[in-house]
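Novice: Sharing a structure, written as structure tokens. Questions coming.
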Amino acid sequence: MTHEFDKAALAQQRSDRALEADRRLRQLFAEAVPTDGSDPREGPGLALVAVGGYGRSELSPFSDLDVVLLHDPSVDEAVVREVAEAIWYPLWNDGVALDHSVRDTVQMRDAAATDHRAAMGMLDARTVAGDSGLVMALRSQVLADWRRDARTRVEEVRQARNARIERAGWLAHAAVPDLKESGGGLRDSVILRALVATWLIDVPHGESESLRSDLLDVRDALHQTVGRRMERLDAEVIPDVARFLGMGAEELDLHARQLGRRIAHLASLSWHKIDEALAPPAKRSITPTGPAVAPLAEGVGILDGEVIVTGRADPTTDPEVALRAAAAAARAGLPLSPGSAARLAGSMGELPDPWSPSSSRLMVDLLSSGQGLVRVWDELDFAGVVDLLLPEWVAIRLRGSSSPVHRFTVDRHSLETCVYAAKVKRDVARPDLLAVAALLHDIGKGAEGDHSEVGEPMAVQIARRWGFSDDDAAVVGKLVRWHLLLPTIATRRDIEDPSTAANVAEIVETEDFLDLLAALTASDAQATSPAAWSPWRQGLTEGLVEKVRGVLDESVTSPTAEDYEGWPADVPIPDHGAMGPADFTLTVEPHQGGSLLTIVTSDRRGVMADLAGGLALAGLAIRSARTVTLGDAAVSLWEVSRADVDAARLTDRLRPAMAGELDLSGRLELTSIPDAPDARVRLLDRLSETATLVEVRVQDRRGLVWTVCDHIASLGLSIRSAHMSTYGDEVRDVFYVVDGDGQPLDDATATTLRDGLATALA
């Protein structure tokens, strides 16, 4: 018995069940409503109406029979009650699972006007017996009401759908999917019919109906196998259901999830079209070549609320445009155009091996974008772009977990881990490595063996391919190898035993790695389920982390100032002569998809603030900066995101700021970011004997670097060197600060600086 044969047979069986139910109901109706020899289905002002799945003739083996006894308001209530009892009681005696109601046409229309479920049921209404004219008239009225009130009704449907998915999860990714209630399940496929009925949008009818039919096949097999009504595809029933369909167990699981994924994708596109249809008319700029596209990045723009790859972009020669589009969409919280994703999948060239630094940075931006990652990644995955960026993803795509504690498939769990990791990226020194490890921590589950051990070399290879150095790739691999270490030790060993923390310290080796591992552990557990990060488990794990930190603190050795102050080895320090306070020289060269600015100025208090302010007013986003003091000169490197910076024009833009002619404080006031975590400012003790090191971890925004530098200068302090790096939307800035005599700050001044910066960045 093949799957194709079952498909045709099961569809016919659904129709046959509906026909058999029709015959029984018509018999009972004819006995209850004698008609003097006329057609027994033409009862006066009375009708039996099939709604919902029964109305669509889609009866699964143990589905309820959804029937309404409809009557004209003029029909005597006693007569209606007598007819109802004559029909319902025999069905109950037969053991029929009956979902029934008795309503007149006015009540039915009122119910449809206040309950979207009743309205959608009537949209699929079908006369089984009695006055068909009564049914057709009511259905036409309900449909007209549905279209007239579509703007409010679709919002009711959306809210109910969101609440349902919050309870049942997504069919494609839930550990135990619900074929009916999960997102991408049978209810979603019915909603698509109702959305089309509004006349606001259209969907591919053939594809939508075929997907629902295929999913009904799975539910029919489930009912037949377990011998009762059941919607959840539990792991223990999958082998039997698969055999019924002539499939393997893993094949069935993947088949059902693929159906849910495709239905969910159609639903997502449909809801986006609904939003466009309901949005107030917007003024759209039209160019000779079509609607204007708001630019986001090179080859990337926004059109009709979606991020697109522009027509001028060529993914064949510029494959990095896929990463630019994905990162921009995720950061902006916008959908990636399905058309653009399909275009990328069909024409994208190969990225070099290893990737360029700009490609690596864009992938980190995408993985660090928070909740926006999930929708964009799903679109890329559905189109086939993920296979080009990460071929290893195929082995874990839609793969169910063998652990009952998991609420998601392996692929969705990995994305959710990235979402949680983005929330704690401020807790680690290398949020880029955390983001990559979060995505890859379960990559070994697609291969035989212990997934942590198998996944380590895979993660190292992927990180290298993505452009990370050997040392950084090794850290990612080590995180994958030991991502279960902390919760395993915390829950199975005595954390009060000093040897427990000492043994863990031997593995993690450094405090930075401990921070990364702790952040990955918490993110992994929260993405798994509440049970995996219960207060008990969380408390034990965090207690172990602090004990390990204590062991590491006792063995830490202080790095020299040169470890932090080294000028990049591949960048020569330019010559400089005598300069006035406002004098500077500037050179520009292309660098990693942006530009690298080398600026030589006189060494004076506040010069870093003036430069940072001038660059911000010139519209340049600072990715990183390095500066060193050489005698009476300050030489700085500024990496900015914009390519093709014109050196002469930028020099003219910087001159007023360097000469003190601009009110930088009035023009660079920091904007607040809703729900952003507080800035973290700390003093790095023991790292230098010649300066006070101040580290700032905060969300990036315009004027940030100027705010920090200006505050330091306002206290009469100087920046001897600065090291600024950006990871996604997070910055890690380390400033070497000295007092007026060029000495490290005393404790009181250092505390004042720290607290003042925290306030300034709030």
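The values are calculated or read from the model by the stated rules, or taken from the named source; none is laboratory data. Just so it is clear, the structure is predicted and the values come from calculations on it, not from any experiment. Backbone-built Cβ (ideal geometry, glycine too); neighbour counts: all protein chains shown. All accessible areas refer to the heavy atoms of the entire protein, side chains included, with ligands and DNA or RNA removed. Shrake-Rupley method; radii C 1.70, N 1.55, O 1.52, S 1.80 Å.
Novice: Which value, in debye to the nearest 20, describes the size of the charge dipole of region 225-267 about its Cα centre when Lys and Arg Cβ atoms bear +1, Asp and Glu Cβ atoms bear -1, and nothing else is charged?
Specialist: Numbers: 7 positive and 7 negative charges, 50 e Å.
It comes to approximately 240 debye.
Novice: Just the projected area, averaged over all directions, of the convex hull on the alpha carbon atoms of region 152-299: how many nm²?
Specialist: 12.1 nm²
Novice: Now, a different point. Please work out the FRET efficiency for the pair Leu303 and His591, using the Cβ-Cβ distance as r and a Förster radius of 30 Å; give the result to the nearest 0.05. List each step's numbers first, then the result.
Specialist: On the way: r = 30 Å, r/R0 = 1.00.
That gives a FRET efficiency of 0.50.
Novice: Tell me, in nm to one decimal, what length is gained between Thr488 and Ala137 on full extension, where the rule is 0.36 nm per residue of separation less the Cα-Cα distance?
Specialist: On the way: separation 351, 0.36 × 351 = 126.36 nm, distance 6.59 nm.
Length gained between Thr488 and Ala137: 119.8 nm.
Novice: Please list Phe735, Phe408 in order of solvent-accessible area, largest first, computed with a 1.4 Å probe with all protein chains present. Please report the intermediate quantities before stating the final value.
Specialist: Working: Phe735 0, Phe408 30 Å².
Ranked from most to least accessible, the order is Phe408, Phe735.
Novice: Would you work out the charge dipole size for region 368-465 about its Cα centre, treating the Cβ of every Lys and Arg as +1 and the Cβ of every Asp and Glu as -1, and quote it to the nearest 20 debye?
Specialist: Computed about the Cα centre, the dipole is about 340 debye.
Novice: State, to one decimal in nm, how far the label point of Arg26 lies from the label point of Ser347, with both points 7 Å from Cα in the Cβ direction.
Specialist: Using points 7 Å along Cα→Cβ, the separation is 5.6 nm.
Novice: How do the peptides 601-610, 664-673 rank, highest first, by the average count of neighbouring beta carbon atoms within 10 Å per residue?
Specialist: Packing proxy ranking, top to bottom: 601-610, 664-673.
Novice: Going highest first, how would you order 312-323, 638-649 by mean Cβ packing within 10 Å?
Specialist: The packing order, highest mean first, is 312-323, 638-649.
Novice: In Å, the Kirkwood hydrodynamic radius of region 661-749 over pairs of distinct alpha carbons?
Specialist: Evaluated over region 661-749, this radius sits at 14.1 Å.
Novice: Per 10 Å bin, what percent of the C-alpha pairs of region 250-385 does each bin hold, from zero upward?
Specialist: In whole percents, the pair-distance histogram is 12, 38, 34, 14, 2, 0.
Novice: Extending each Cα 7 Å along its Cβ direction at Trp536 and Ala78, get the distance between those two points in nm, one decimal.
Specialist: Each label point is offset 7 Å from its Cα along the Cβ direction, giving 6.6 nm.
Novice: Could you report region 57-98's accessible area per residue, 1.4 Å probe, as an integer in Å²?
Specialist: 49 Å²
Novice: What is the magnitude of the charge dipole of the chain about its Cα centre, with +1 placed on the Cβ of each Lys and Arg, -1 on the Cβ of each Asp and Glu, and no other charges, expressed in debye to the nearest 20?
Specialist: Values: 79 positive and 118 negative charges, 353 e Å.
Around 1700 debye, computed over the chain.
Novice: Continuing with this model, one more query. Considering the dipole of the chain built from charges on the beta carbon (Lys and Arg +1, Asp and Glu -1) around the Cα centre, which of Gln107, Leu334, Ala648 is farthest to its positive end?
Specialist: The listed residue farthest towards the positive side: Gln107.
Novice: If the cut-off is a Cα-Cα distance under 23 Å, which lysines reach Lys425, setting aside same-chain residues fewer than 8 apart in sequence?
Specialist: Lys425 reaches Lys478, Lys547.
Novice: Rounded to the nearest whole Å², what accessible area per residue is found for region 168-283 with the 1.4 Å probe?
Specialist: Here the residues of region 168-283 average 40 Å² of exposed surface.
Novice: For the ranges 82-89, 25-32, what's the packing order if you count other beta-carbon atoms within 10 Å of each residue, average per peptide, and put the highest first? Walk me through the numbers on the way to the answer.
Specialist: Working: 82-89: 16.0, 25-32: 18.0.
In descending order of packing, they fall as 25-32, 82-89.
Novice: Within the chain, what whole-number % of the accessible surface is contributed by carbon and sulfur, with the 1.4 Å probe and all protein chains included in the calculation? Before the final figure, lay out each step's value.
Specialist: Working: 16930 of 33790 Å².
That share works out to 50 percent.
Novice: Then there's this: Quick one: what do you get for region 58-186 if you divide its Cα Rg by 2.2 N^0.38 Å?
Specialist: Its radius of gyration relative to the 2.2 N^0.38 Å reference: 1.24.
Novice: I'm a student and want to see the number: the projected area of the Cα convex hull of the chain, averaged over all directions, in nm². Before the final figure, lay out each step's value.
Specialist: Details: hull surface 162.3 nm².
If you wrap the Cα atoms of the chain in a convex hull and average its projections, you get 40.6 nm².
Novice: Can you work out the accessible area per residue across region 476-556, with the rest of the protein chains kept in place, probe 1.4 Å, in square angstrom?
Specialist: Each residue of region 476-556 exposes 45 Å² on average to a 1.4 Å probe.
Novice: Sticking with this one: Does region 587-685 come out rounded, prolate or oblate by the C-alpha gyration tensor, with a ≥ b ≥ c the root eigenvalues, rounded set by a/c under 1.5 and, if not, prolate when a/b is larger than b/c and oblate if not?
Specialist: rounded
Novice: Taking amide H positions as placed 1.01 Å from N in the peptide plane, with prolines and chain starts having none, which residues 5 or more places from Arg720, or on another chain, fall under 5 Å of its amide H?
Specialist: So Arg720 has HN proximity to Tyr736, Val737, Val738.
Novice: Rounded to the nearest whole Å³, what is the per residue volume of the convex hull around the Cα atoms of region 416-566?
Specialist: 120 Å³
Novice: On to the next question. When all protein chains stay in place, what accessible area (Å², nearest 10, 1.4 Å probe) is found for Trp536?
Specialist: Here the residue's solvent-accessible area equals roughly 150 Å².
Novice: Follow-up question, since we're still on this one. Want the number for Asp99 to Asp497: 0.36 nm per residue separation, take away the alpha-carbon distance, what's left? Present the calculation step by step, with values, prior to reporting the outcome.
Specialist: Working: separation 398, 0.36 × 398 = 143.28 nm, distance 6.22 nm.
The span from Asp99 to Asp497 would gain 137.1 nm if fully extended.
Novice: Next up: Measure off 7 Å from each Cα along the Cα-to-Cβ vector at Glu506 and Arg604, then give the distance between these two points in nanometres to one decimal.
Specialist: 5.9 nm
Novice: Grab every C-alpha pair in region 149-231, bin the distances at 10 angstrom width from 0 up to the longest one, and report whole percents.
Specialist: 17, 42, 33, 7, 0
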